[in-house]
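The values are calculated or read from the model by the stated rules, or taken from the named source; none is laboratory data. Just so it is clear, the model here is predicted, and its values are computed rather than measured. Using ideal geometry, Cβ is built from the backbone for each residue, glycine included, and neighbour counts are taken over all protein chains shown. For the accessible areas, the whole protein counts, side chains as well, though only heavy atoms, and no ligand, DNA or RNA atoms are used. Shrake-Rupley method; radii C 1.70, N 1.55, O 1.52, S 1.80 Å.
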Amino acid sequence: MTSAVVDAALALTANLLEGALAKVPEDQWFERESAWVAPRDLAAPLVAMANADGGVSVVGMHGGVLELSIRG
């Protein structure tokens, strides 16, 4: 179910995206990473997702808030 929820959130307009992604629970298919994550720390979860069923990693969101502005 997570994949469908994430896909639906990503299809929203920029002003609704933050709230929708904040509501999606993190699990083996979805996670949020700070914009300031070190590449070495991001590599392990991405490799794990690639070796499993895939997934989505949102970089630039921490504590349910987008750290970088979106212009659309």
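Calculated FRET efficiency, LEU68 and ALA4, Cβ-Cβ r, R0 25 Å, to nearest 0.05? Calculated transfer efficiency: 0.45. Rolling a 1.4 Å probe over the protein heavy atoms gives the chain an accessible area of 68 Å² per residue.
Distance between the modelled labels on VAL37 and SER57, one decimal in nanometres: 0.5 nm (7 Å Cα→Cβ projection). Annotation: extensible slack from ALA11 through ALA48 equals 10.8 nm (criterion: 0.36 nm per residue apart, minus Cα-Cα distance). When only the Cβ of Lys, Arg, Asp and Glu is charged (+1, +1, -1, -1), the dipole of the chain relative to its Cα centre reaches about 180 debye. So if a site counts as exposed when it's one of the GluC sites (Glu not before Pro), its DSSP state isn't H, G, I, E or B, and it has at most 16 other Cβ atoms within 10 Å, what's the longest stretch of the chain without one? Formally, the longest exposed-site-free interval is 27-66. In angstrom, the C-alpha Rg and Dmax of the chain are 12.1, 33. Helices in the chain, meaning DSSP H runs of at least 4 residues, each add -39500 (n - 2.57). Divided by all residues, the mean residue ellipticity at 222 nm is -13500 deg cm²/dmol. Largest accessible area first, the residues ARG40, ARG32 order themselves as ARG40, ARG32 under a 1.4 Å probe with ligands, DNA and RNA left out. Apolar share of the accessible surface for the chain: 59 percent from carbon plus sulfur atoms, 1.4 Å probe.
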